[in-house]
Amino acid sequence: MSNACWLYSKDTAIAKIEHLLGDRVYVDRAYIRTLEKSLPKAVSWAIDKIGVDAAFEDCDADNDGKITISEMKETSTCLTSCTKLAVLNAVL
């Protein structure tokens with residue numbers, strides 16, 4: 001769990017994601033595919049390392065195919081892995 005991860009914080013990662021999303025209110029698979037094509041290879045590496053399907057399983061609380069910031073914050077399984085937080089922080 002992220003609580004046991006003293007180096008990285010779920011709140012910090014979400015704040016970075018929220019900043020990068022700007023006015024966008026959710027992340028879906030189409031947005032992730034667009035990111036992979038338009039951003040540096042490090043982001044593609046991070047997306048592959050974390051796993052898109054795993055992210056949706058962990059974070060998409062209502063299973064609508066969209067991960068909102070509130071789902072990221074409120075879902076107890078979202079961004080709880082120290083490894084995932086480390087990967088996100090490396091590229092954000």
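Each residue of segment 27-44 in turn: what ³J(HN,Hα) in whole Hz from Karplus with 6.51, -1.76, 1.60 and θ = phi - 60°, glycine and Pro shown as x?
Per residue, the Karplus-derived 3J(HN,Hα) values read 10, 10, 4, 4, 5, 5, 4, 5, 4, 4, 7, 9, 10, x, 4, 4, 5, 4 Hz.
If you bin every alpha carbon distance in the chain into 10 Å steps from zero, what whole percent lands in each bin?
The distribution over the chain is 17, 56, 27, 1, given as percents.
How much length is gained on full extension from Asp62 to Leu39, taking 0.36 nm per residue of separation minus their Cα-Cα distance?
5.5 nm
Which far-off residues, 5 or more places away or on another chain, put their amide H under 5 Å from the one on Cys5, with H placed in the peptide plane?
For Cys5, no residues qualify.
What 222 nm value per residue comes from the helices of the chain, counting each DSSP H run with n ≥ 4 as -39,500 (n - 2.57) and dividing by all residues, nearest 500 deg cm²/dmol?
-17500 deg cm²/dmol
Arrange Ser76, Ser81, Ser9 by Cβ neighbour counts within 10 Å, fewest through most, would you?
Ser76, Ser9, Ser81
In sequence order, what are the phi-derived ³J(HN,Hα) couplings for segment 79-88 according to the Karplus relation 6.51 cos²θ - 1.76 cosθ + 1.60 with θ = phi - 60°, rounded to whole Hz, with x for glycine and proline?
6, 9, 8, 4, 4, 5, 5, 5, 5, 4
If the reach is capped at under 20 angstrom between alpha carbons, list the lysines near Lys73, excluding any in the same chain fewer than eight residues apart.
Result set, ordered by chain and number: Lys10, Lys16, Lys84.
Calculate the spin-label point distance for Ala30 paired with Ala54, positioning each point 7 Å from the Cα along the beta-carbon direction, and give it in nanometres.
Using points 7 Å along Cα→Cβ, the separation is 2.7 nm.
Bear in mind that the values in this text are calculations on the coordinates, not laboratory data. Since this is a predicted model, take the numbers as computed values, not measurements. All Cβ positions, even for glycine, are placed from backbone atoms using ideal geometry, and neighbour counts span all protein chains on display.
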